[in-house]
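Here's the structure we're looking at; comments come further down.
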Amino acid sequence: MERLSSLYASALFDLAIEHDAVDEFFADAVFLCEFMQDREFLHVLAHPHVPAAEKHDLFRSVFSGRIHDDLLGFMFLAADKNRETFLLPALTALIEMIKKHNRIVTAKVLSAEPFDDKQADELKAMLSEKLNKTVELSPKIDSSVIGGPYIFVDGYYIDWTVKKRLRDLTVHMKEGCGA
């Protein structure tokens, strides 16, 4: 399934480049992924007794004029081939391809408390400058983290927690005191 989803995503990405519509495809793919979280829509989409023609009508009535015609055509193709279950994985892969193309990375941040907007903006700016990429934050709260964040971004792991700083200080003091 992953291989076919990746092939669909690659074809869509090529179309986005060809039509100079990368940003439009990105926004539309995000919209479609969010829309497909609706359980009723997914139920109809995956139902084996709903003919492809009815799915086409559904797609046309809901998405025509709201998404790029090539993405709508992709949805028609998936319905025709009974591959509706590939839509969400393919669109998710497309989003990741476009992010990579646009040099956008997601920083997974684990902290005890949520960041306020100013802290989040400062962290994104600092990481963006260091990585020379646009950084989005994916925060997660974990009360076991005493203070400071763990950050995983673009293959790098950064530990700015109080626990790590205390551990480093202990090692430094032992080395300095000859212990």
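The values are calculated or read from the model by the stated rules, or taken from the named source; none is laboratory data. Quick caveat: nothing in here was measured; it's all calculated off a predicted structure. In this analysis, Cβ positions are derived from the backbone assuming ideal geometry, glycine residues included, and neighbour counts consider all displayed protein chains.
Each row is one residue, and each column tells you yes or no for (1) under 15 Å from the mean Cα position of the chain (by Cα); (2) charged (D, E, K, R).
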{"residue": "I17", "(1), (2)": "no, no"}
{"residue": "R39", "(1), (2)": "no, yes"}
{"residue": "H56", "(1), (2)": "no, no"}
{"residue": "K100", "(1), (2)": "yes, yes"}
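Tally time: how many residues in segment 15-29 are closer than 18 Å to F86 by Cα and out of contact with any helix residue (DSSP H, G or I) (no Cβ under 6 Å at 6 or more places or on another chain)?
Summing the residues that are closer than 18 Å to F86 by Cα and out of contact with any helix residue (DSSP H, G or I) (no Cβ under 6 Å at 6 or more places or on another chain) in segment 15-29 gives 0.
Here are the criteria: (1) under 23 Å from A21 (Cβ atoms); (2) under 18 Å from the mean Cα position of the chain (by Cα). Tell me which single one A107 does not satisfy.
Just one mismatch for A107, condition (1).
Per-residue answers, yes or no, for (1) of a type in the set (D, E); (2) under 18 Å from K99 (Cβ atoms); (3) in contact (Cβ under 8 Å) with a residue 40 or more places away in the chain:
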position	(1), (2), (3)
A112	no, no, no
N132	no, yes, no
E136	yes, yes, no
I146	no, no, no
I158	no, no, no
H172	no, no, no
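Any idea which of (1) free of Cβ contacts under 8 Å to residues at least 12 places away in the same chain; (2) of a type outside the set (F, W, Y); (3) assigned by TED's automatic domain parsing to the domain that holds D23 is the one L94 doesn't satisfy?
Here L94 meets the rest and fails (1).
Only one of these is under 18 Å from L15 (Cβ atoms) and of a type in the set (F, W, Y): F74, F115. Name it.
Only one candidate passes the filter, namely F74.
Restricting attention to segment 44-67, which residues are surrounded by 12 or more Cβ atoms within 10 Å (Cβ to Cβ) and among the small types (G, A, S)?
A46, A52, listed by residue number.
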